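Here's the structure we're looking at; comments come further down.
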Amino acid sequence: MKILKGDAGNVDLSGPIKLTDDQKKRFINYFQERCQVIEVEETKKFREKRTGEKFFTREWAIEEDVILHNLTLTPKQMMEKLRRSEMSVDMRRSEVIGPILVFANEIGLEICEENIEEIVIAFRKKKIDEKEERKRARQEERNKIKQIDIDIKSLESLKNRLKELSFLKRSIPEQYSEEEVEKVIKEIKRIQNLR
């Protein structure tokens, strides 16, 4: 078993390992002592590419955002604790510190060391909810456009049916149906009223 080291001190294992619950706990503790934030990825399937062998960006964990708000740490200490580059830490701080402060003010909370994790979790939830709402709105818009396309095709089809019925009235009166004409006109009006 090899421990692979990637960018900014990120680590991964060279292959999957199987551990008992006790071994897993000790293994995780080992990494928690050496790396401030760790993420465990349970998998049944072997990954071809190992995380440690490529340059990548990774999601910021809640614990990492909490560390960014620790005023007692210098930027260098943050870099070491987070195992991230100076630029990464600076960019993330500029991305989340202001919005989280504004969010805390909006919900009427003062930021202090005891409640920062709670505020970060609430902020993240709000962002996820906003993203889901935008996604839902986009899907709703796409559905409306699809429905308009369907209605346009239906109108074309109904228009053609009216032409056929008009032809039947002139050429084969016994196959002509006034009731069907009324149904077609009613359906055309229904589709037009949807707009």
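The values are calculated or read from the model by the stated rules, or taken from the named source; none is laboratory data. All figures in this text were calculated on a predicted structure; none of them were measured in a lab. For neighbour counting, all protein chains shown are included, and Cβ atoms are generated from backbone atoms with ideal geometry for every residue, glycine included.
Yes/no matrix, rows are residues, columns are (1) over 30 Å from Ile67 (Cβ atoms); (2) exposed (fewer than 12 other Cβ atoms within 10 Å of the Cβ); (3) free of Cβ contacts under 8 Å to residues at least 24 places away in the same chain:
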position: Asn105; (1), (2), (3): no, yes, yes
position: Leu165; (1), (2), (3): yes, no, yes
position: Glu174; (1), (2), (3): yes, yes, yes
position: Ile191; (1), (2), (3): yes, no, no
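Summed over the stretch 18-31, the residues that are part of a helix (DSSP H, G or I) and either without any contact (Cβ under 8 Å) to a residue 12 or more places away in the chain or among the basic types (Lys, Arg) (or both) give a count of 9. Among residues of the stretch 140-154 that are charged (D, E, K, R), those with a beta-carbon under 9 Å from a residue that is part of a helix (DSSP H, G or I) at least six positions away or on a different chain give the pairs Asp151/Ile191; Asp151/Gln192. Of everything listed in (1) assigned to a loop (DSSP other than H, G, I, E, B); (2) modelled with pLDDT of 75 or more; (3) over 29 Å from Arg92 (Cα atoms), the single unmet condition for Gly15 is (2). Among the residues of the stretch 162-182, just one is at pLDDT 85 or above and of a type in the set (Lys, Arg), namely Lys163.
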